[in-house]
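Just so it is clear, none of the values below were taken in a lab; they were calculated from the coordinates. Just so you know, these numbers come straight off a predicted model, no measurement behind them. Glycine gets a Cβ as well: all are built from the backbone with ideal geometry, and neighbour counts include every protein chain shown.
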Amino acid sequence: MQAELRTLDDTSAGTIELADEVFGLAPRPDILQRVVNWQLAKRRQGTHKVKSRSEVRATGSKTWRQKGTGRARHGSRRAPIFKGGGVAHGPQLRSHAIELPKKIRKLGLKVALSAKQAAGELVVLNEAKLAEPKTRIFAKQLDKLGWSSVLIVDGGDEFDANLVRASRNIVGVQLLASRGANVYDILRREKLVLTKAAVEELEARLK
C-alpha cells in the first residue's frame, strides 16, 4: 500500500510504499490485549514486602503457661494475632512478569501498526528534524498539524538534538527510537508518526 510522505511543515514530500504484511493486517484486539498485559506486568516492580512471623523481633518464650489461665493456648508472641507479630499471607518480593511467545509479541506490534494505519492515525515523515531547538516554534507546528497526543518514532539510535530539546517540555509528545517501538506506547497516543527511516527499520524487523 502507498502512503503520503509529509514534512513537519505540513507539506507533501512524495509517497512511500508500506508493506502489507506489516501495515495491512486485520484487527486483532485479543492479540493487542495479551501484549499490553505482558508489557504492563513486566514493568511492575514487585518490591512490596511485609515481615512474616519468622522475621519479626519478639521474645521466643512461651506467652503464658499452657493451662489454668482461662485463656487460649499460645506459644509465640510472633503470631499474627498479636500486636507486633508477623503478617499472615502478606505480599512478598516477586516478579509479576508473565510468559508470552516471541511470535505473539511480533504479531502484536504488526497489528498495532496496522490498526493505526486503518484508523487514519498513522503519519509518515520524510525526516524528524528541527532547524533550532525552540519549544515555542515546535509547539506551533504541532498545533498546525493537530497533534495533541503523538508518538514520534525515528530510525537509528539517536534523535535530532534540536527535536529532543524542543519537545522536552510539551505534554503529550513522546519520542522513541524504532528499536524501542512497542504496542502499549503506540496505542496510548492518538497519532503515530513514523519517519521514513523508522518505516524501513520496522519492516526489516517484522517481515
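Brief remarks on what is shown
- Some residue of the range 149-168 being more than 30 Å from VAL50 (Cβ to Cβ), in contact (Cβ under 8 Å) with a residue 60 or more places away in the chain and not hydrophobic (A, V, I, L, M, F, W, C): no
- Taken together, the criteria exclude GLU132 from residues that are under 30 Å from GLU158 (Cβ atoms), of a type in the set (Asp, Glu) and touching a Lys or Arg at 6+ places or on another chain (Cβ under 9 Å).
- Against the conditions (1) out of contact with any Leu (no Cβ under 6 Å at 6 or more places or on another chain); (2) assigned to a loop (DSSP other than H, G, I, E, B), LEU176 satisfies every one except (2).
- Test: residue in the range 21-42 that is more than 25 Å from LEU194 (Cα to Cα) and surrounded by 11 or more Cβ atoms within 10 Å (Cβ to Cβ): yes
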